[in-house]
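The values are calculated or read from the model by the stated rules, or taken from the named source; none is laboratory data. Just so you know, these numbers come straight off a predicted model, no measurement behind them. Every residue, glycine as well, gets a Cβ built from its backbone with ideal geometry; the counts of neighbours run over all protein chains shown.
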Amino acid sequence: MKDLIYNQQDIPKDKWRYGLRASAAVGCGWIATHNALRLMGYKTDIDQLIRYYEWQLPLIHGNAGTSFWGPALCFRSWGFPVEVCFHTRQFDAVASRSDACILFYRWRRQYKLGAHFVALEKTPDGFIGYNTYRNSTGPDKYGPSLEAFLKQKKYFGAILIGIRKREEKTAGL
């Protein structure tokens, strides 16, 4: 299905390095971007996409992952209409008028904190995410509401980036 990456843990440690680290550890930002492009029918060169993100934050070069604003800057620089939303109550409406979305959220398990990016889309059956969990093997069903999904999972600090297709499919990809 559209060459999506369902689980970054499946990427071999020596393939698609992100900075000095494996994409399996810190690559969710570029993976969400790749998946969002594929959901909209665009192709991209993964190596080029990784280089773009590595140089987005000088000195860090992807070693700590992607900044939360990175995908929005990326898609805007390529000419995509982008809507950034910080209010979970509005996520469903933003996602419904977007061709693809990238969801950023923070999570906590006991004393461990982390953050994650996922690409998602609205379908007639609800929201579907890609590369959501460490054990994902395909699309992950989020249900009819992103707000309810985030509350149920106890994810916090969420930001939704809604992306719409461009008029043409050639520049920057």
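Number of residues in the range 2-18 that are at pLDDT below 80 and closer than 14 Å to residue 37 by Cα: the value is 1.
Applying the condition of being within 24 Å of residue 26 (Cβ to Cβ) and small (Gly, Ala, Ser) to the range 77-103 and asking which residue is surrounded by the fewest Cβ atoms within 10 Å (Cβ to Cβ) yields 77. Identify all residues within the range 44-102 that are touching a His at 6+ places or on another chain (Cβ under 9 Å), of a type in the set (A, V, I, L, M) and modelled with pLDDT under 90; write none if there are none. Listed by number, the list holds a single entry, 49. Test residue 95 against the criterion of being within 14 Å of the chain's Cα centre (by Cα), at negative phi and not in a strand (DSSP E or B), and give yes or no. Yes, satisfied. Among the residues making up the range 104-125, those that are under 20 Å from residue 31 (Cα atoms) and not aliphatic (A, V, I, L, M) are 104, 105, 106, 107, 114, 116, 117, 121, 122.
Against the list (1) surrounded by fewer than 18 Cβ atoms within 10 Å (Cβ to Cβ); (2) at pLDDT 95 or above; (3) among the charged types (D, E, K, R), the condition residue 168 fails is (2). Does residue 142 count as aromatic (Phe, Trp, Tyr), in contact with a Leu (Cβ under 6 Å, 6 or more places away or on another chain) and closer than 19 Å to residue 4 by Cα? Answer is no for this residue. If you go through the range 34-50 and keep only what is in a helix (DSSP H, G or I) and either small (Gly, Ala, Ser) or touching a strand residue (DSSP E or B) at 6+ places or on another chain (Cβ under 7 Å) (or both), you end up with 35, 36, 39, 50.
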